[in-house]
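Enquirer: Shown below is the structure under consideration.
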Amino acid sequence: PTSELHERAARARNILGDRLFILGHHYQKDEVIRYADVTGDSLQLSQIAGSQTADYILFCGVHFMAETADILTTPEQAVILPDMRAGCSMADMANIDQTERAWQKLQEYFGDTIVPLTYVNSTAAIKAFVGRNGGATVTSSNAAEMVEWALGQKQRMLFLPDQHLGRNTAVKLGIPLEQMAIWDPVKQKLELQCELEDVQVILWKGHCSVHMNFLPKHVEILRDKEPDRNILVHPECTYEVVSISDYAGSTKYIIDMIEASEPGSKWAIGTEMNLVNRLIKDYPDRDIVSLNPYMCPCLTMNRIDLPHLTWALEELVEGRVINRITVDPKTAEEAVMALEKML
Ligand code: 13P
Ligand code: SF4
């Protein structure tokens, strides 16, 4: 029974004391987040991971986040992901072989005029690729600053792996849509809307399957029915959705907006279900709904559940480190170059 699992998890957590630190991403389930020593978005969690001294860092989030934590902690500290199946489908949309091939082609087209940027939602190998090619990582909370930085370095940038965050950020900075090309990693082809020399941004053709579930029709239906409801979405939603919403921003931005809003105000939020449900529960005096009435869970984030958490904790109590995430030193060294520019 759940109550017994909670007792076991709490007991194991207590025994481990300050040898253990638990990080919880905002998209995690309530049954898991209650054990987190700190909750945050991916930027906050990677910063916090790097400043911890605990022997064990248990990451309740997805694989790329645990990799980043391993890169930013010491080799003696063990980073643990309670379920190895907790990946990110977006991160998996850019593998290193595809990326190296794309880079070679792009160098043929544009010579040394491109700098790569990668969303932190990418594998350590992609972060390392970006680091050794002079680029940086970005998160949804600093994408605009990082894109401005990149375009201050070189005439154009390659943005991996989320085309939507890349496009929405570039539009925000005034870059015309026609000057954004798309790199299709499957066809290994550049989709152009302008002359080659006018391209400023090359967007990797990746996406988040959760945020793709928010559609323009959801915004239009709500606008029609309830014009006074504020529409607030994550920039992993398509440009078509972001451009007709009232506000768009990172996970932290979404939480801060709700916190700062007036009691009685009405909101429709376009992001992951666990976060939307938590905001509904934490702010009962605001009227909050999901922009997609069916709610959109991130299935891989949800793989971290109470049974897996309890298992990981009890194994640690027995001195066994299960599901340790390690990044090899060479990859880590190059990835750090990309991460440090951002941090
Ligand atoms: P944040 O960078 O806003 O935490 O988002 C992480 C993520 O996976 C969004 O889908
Ligand atoms: Fe990846 Fe999307 Fe899940 Fe975030 S919500 S972890 S981007 S699949």
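Enquirer: So, residue 251, is that one at pLDDT below 95 and within 16 Å of ligand 2 (Cβ to nearest atom) or not?
Expert: yes
Enquirer: Six or more apart or on different chains, Cβ under 8 Å: which pairs go from a residue in the range 81-101 that's farther than 30 Å from residue 56 by Cα and β-branched (Val, Ile, Thr) to one that's in a loop (DSSP other than H, G, I, E, B) and away from ligand 2 (no atom under 15 Å from the Cβ)? Could you list them?
Expert: Between residues of the range 81-101 that are farther than 30 Å from residue 56 by Cα and β-branched (Val, Ile, Thr) and residues that are in a loop (DSSP other than H, G, I, E, B) and away from ligand 2 (no atom under 15 Å from the Cβ), the close pairs are 99/185.
Enquirer: Suppose the filter is touching a helix residue (DSSP H, G or I) at 6+ places or on another chain (Cβ under 9 Å) and more than 16 Å from ligand 1 (Cβ to nearest atom); does residue 285 pass it?
Expert: Answer is no for this residue.
Enquirer: So which residues in the range 49-67 are modelled with pLDDT under 95 and either among the aliphatic types (A, V, I, L, M) or within 16 Å of ligand 2 (Cβ to nearest atom) (or both), if there are any at all?
Expert: Scanning the range 49-67 gives a single hit, 49.
Enquirer: Could I ask something else about it? Restricting to the range 233-276, name every residue that is of a type in the set (S, T, N, Q), over 30 Å from residue 182 (Cα atoms) and touching a residue at least 40 places away in the same chain (Cβ under 8 Å).
Expert: Matches in the range 233-276: 274 only.
Enquirer: Looking at residue 285 and the list (1) buried (at least 17 other Cβ atoms within 10 Å of the Cβ); (2) more than 22 Å from the chain's Cα centre (by Cα), which single condition is not satisfied?
Expert: The one condition residue 285 does not meet is (1).
Enquirer: What number of residues in the range 226-257 are away from ligand 1 (no atom under 14 Å from the Cβ), in a helix (DSSP H, G or I) and either of a type in the set (Phe, Trp, Tyr) or in contact with a Phe, Trp or Tyr (Cβ under 9 Å, 6 or more places away or on another chain) (or both)?
Expert: Residues flagged as away from ligand 1 (no atom under 14 Å from the Cβ), in a helix (DSSP H, G or I) and either of a type in the set (Phe, Trp, Tyr) or in contact with a Phe, Trp or Tyr (Cβ under 9 Å, 6 or more places away or on another chain) (or both) within the range 226-257 amount to 2.
Enquirer: Residues being in contact (Cβ under 8 Å) with a residue 60 or more places away in the chain and in a loop (DSSP other than H, G, I, E, B): count how many of those fall in the range 277-292.
Expert: The total comes to 2.
Enquirer: To continue, here is another question. Only one residue in 49, 102, 125 is within 16 Å of ligand 1 (Cβ to nearest atom) and of a type in the set (A, V, I, L, M). Which one?
Expert: Result of the check over 49, 102, 125: 49.
Enquirer: Listed residues 156, 132; which is under 13 Å from residue 336 (Cα atoms) and away from ligand 1 (no atom under 13 Å from the Cβ)?
Expert: Answer to the check: 132.
Enquirer: Kindly indicate which of 272, 340 is crowded, with 17+ Cβ neighbours inside 10 Å, outside the structural domain of residue 25 (by TED's automatic domain parsing) and of a type in the set (Asp, Glu).
Expert: 272 is the lone residue from the list that is crowded, with 17+ Cβ neighbours inside 10 Å, outside the structural domain of residue 25 (by TED's automatic domain parsing) and of a type in the set (Asp, Glu).
Enquirer: May I pose another question? Condition first: part of a helix (DSSP H, G or I), out of contact with any Phe, Trp or Tyr (no Cβ under 8 Å at 6 or more places or on another chain) and buried (at least 18 other Cβ atoms within 10 Å of the Cβ). Now tell me which residues in the range 144-168 satisfy that.
Expert: Hits for the range 144-168 are 146, 149, 150, 151.
Enquirer: Would you tally the residues in the range 293-314 being of a type in the set (A, V, I, L, M), buried (at least 19 other Cβ atoms within 10 Å of the Cβ) and either more than 16 Å from ligand 2 (Cβ to nearest atom) or over 25 Å from residue 56 (Cα atoms) (or both)?
Expert: Adding up the residues that qualify gives 4.
Enquirer: Return a yes/no flag: does the range 317-325 have any residue that is within 23 Å of residue 49 (Cα to Cα), of a type in the set (Gly, Ala, Ser) and in a loop (DSSP other than H, G, I, E, B).
Expert: For the range 317-325, residues within 23 Å of residue 49 (Cα to Cα), of a type in the set (Gly, Ala, Ser) and in a loop (DSSP other than H, G, I, E, B): present.
Yes/no matrix, rows are residues, columns are (1) outside the structural domain of residue 244 (by TED's automatic domain parsing); (2) within 22 Å of the chain's Cα centre (by Cα); (3) touching a residue at least 60 places away in the same chain (Cβ under 8 Å):
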position	(1), (2), (3)
113	yes, no, no
125	yes, yes, yes
158	yes, yes, no
164	yes, yes, yes
188	yes, no, yes
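The values are calculated or read from the model by the stated rules, or taken from the named source; none is laboratory data. Only a predicted model underlies this, so the values are computations on that prediction, with no experimental measurement involved. Every residue, glycine as well, gets a Cβ built from its backbone with ideal geometry; the counts of neighbours run over all protein chains shown.
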